[in-house]
Amino acid sequence: DTEVTQTPKHLVMGMTNKKSLKCEQHMGHRAMYWYKQKAKKPPELMFVYSYEKLSINESVPSRFSPECPNSSLLNLHLHALQPEDSALYLCASSQDRQRAKNIQYFGAGTRLSVL
Amino acid sequence: AQSVTQLGSHVSVSEGALVLLRCNYSSSVPPYLFWYVQYPNQGLQLLLKYTSAATLVKGINGFEAEFKKSETSFHLTKPSAHMSDAAEYFCAVIATAGGTSYGKLTFGQGTILTVHP
């Protein structure tokens, strides 16, 4: 089973709202990732967690706040977003960050619209 | 730094025809390369991976790719296209060990495959 589950599938929020995206995997993977994908563009890496610790932050604005409560769960907390933050947010996981174990499996994504 | 370039943002084929999607990589060390497929309004699905074993890699749905070091290429092929193959395809490379980008997956710009009946 290579399933990564993301909720919700769709989210509409105002610029003053606070919301969270959730990602879950039960493959025993110890690396988890958040990507942002704008229309007709490839995914862009936002954050990487390795063994529940933040390893990479690709200079993402502080209105995006990641959290990894345990090895199976990854959250992305959203606050005071801008309309340009509207995108598909993808979560992925891999066994490890080492190249030989870094085969990333993706969830279906959360389609976010900021009004 | 590692990177990939996909040649052709759009490829159109007839059903039953050969599919060829091109990807060239840039890497100072042996790369780990991947092909992903994305259907409309969905996430990415792993098609196949090259991790320095066999140069001809077979994936799901009848796709395969050949790693050619001399050409720095990792092109994706399928002998006979099916309507269900219509999607966007991304080539990707994993950053090598060391540095802040360790483990980062870098994608090409994507190729949209259209299949005509």
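The values are calculated or read from the model by the stated rules, or taken from the named source; none is laboratory data. Computed from a prediction, not measured in an experiment: that's the story for all the values here. Neighbour counts are summed over all protein chains in view; Cβ atoms, including those assigned to glycine, are modelled from backbone coordinates with ideal geometry. The area values use the complete protein model at the heavy-atom level, side chains included, leaving out ligands, DNA and RNA. Shrake-Rupley method; radii C 1.70, N 1.55, O 1.52, S 1.80 Å.
On the given criteria, is B:L20 of a type outside the set (S, T, N, Q), at pLDDT 95 or above and open to solvent by 30 Å² or more (accessible area, probe 1.4 Å)?
When the stated conditions are applied, B:L20 passes them.
Among the residues of region A:51-110, which ones are among the acidic types (D, E) and away from every other protein chain (no Cβ under 14 Å)? Lay out the reasoning, then the answer.
Start the filter on region A:51-110 by keeping residues that are among the acidic types (D, E), which leaves A:52, A:58, A:67, A:84-85, A:96.
Once the filter is applied, which keeps residues that are among the acidic types (D, E) and away from every other protein chain (no Cβ under 14 Å), region A:51-110 yields A:E52, A:E67, A:E84, A:D85.
Which ones in region A:13-32 are away from chain B (no Cβ under 14 Å), surrounded by 14 or more Cβ atoms within 10 Å (Cβ to Cβ) and in a loop (DSSP other than H, G, I, E, B)?
Hit for region A:13-32 is A:N17, nothing else.
Inspect all residues belonging to region B:96-105 and state whether any of them is surrounded by 15 or more Cβ atoms within 10 Å (Cβ to Cβ) and touching a Phe, Trp or Tyr at 6+ places or on another chain (Cβ under 8 Å). Let's see the steps before the verdict.
If we filter region B:96-105 for residues that are surrounded by 15 or more Cβ atoms within 10 Å (Cβ to Cβ), which is where we start, we get B:96, B:101-105.
Next cut, touching a Phe, Trp or Tyr at 6+ places or on another chain (Cβ under 8 Å) only: B:96, B:105.
Yes, the conditions are met somewhere in region B:96-105.
Take B:V57 and tell me if it is in a strand (DSSP E or B), more than 10 Å from the chain's Cα centre (by Cα), in contact (Cβ under 8 Å) with a residue 24 or more places away in the chain and more than 11 Å from every other protein chain (Cβ to nearest Cβ).
No, not satisfied.
Where residues in region A:47-64 are part of a strand (DSSP E or B) and free of Cβ contacts under 8 Å to residues at least 40 places away in the same chain, which of them is most open to solvent (accessible area, probe 1.4 Å)?
Only one residue fits best here, namely A:K53.
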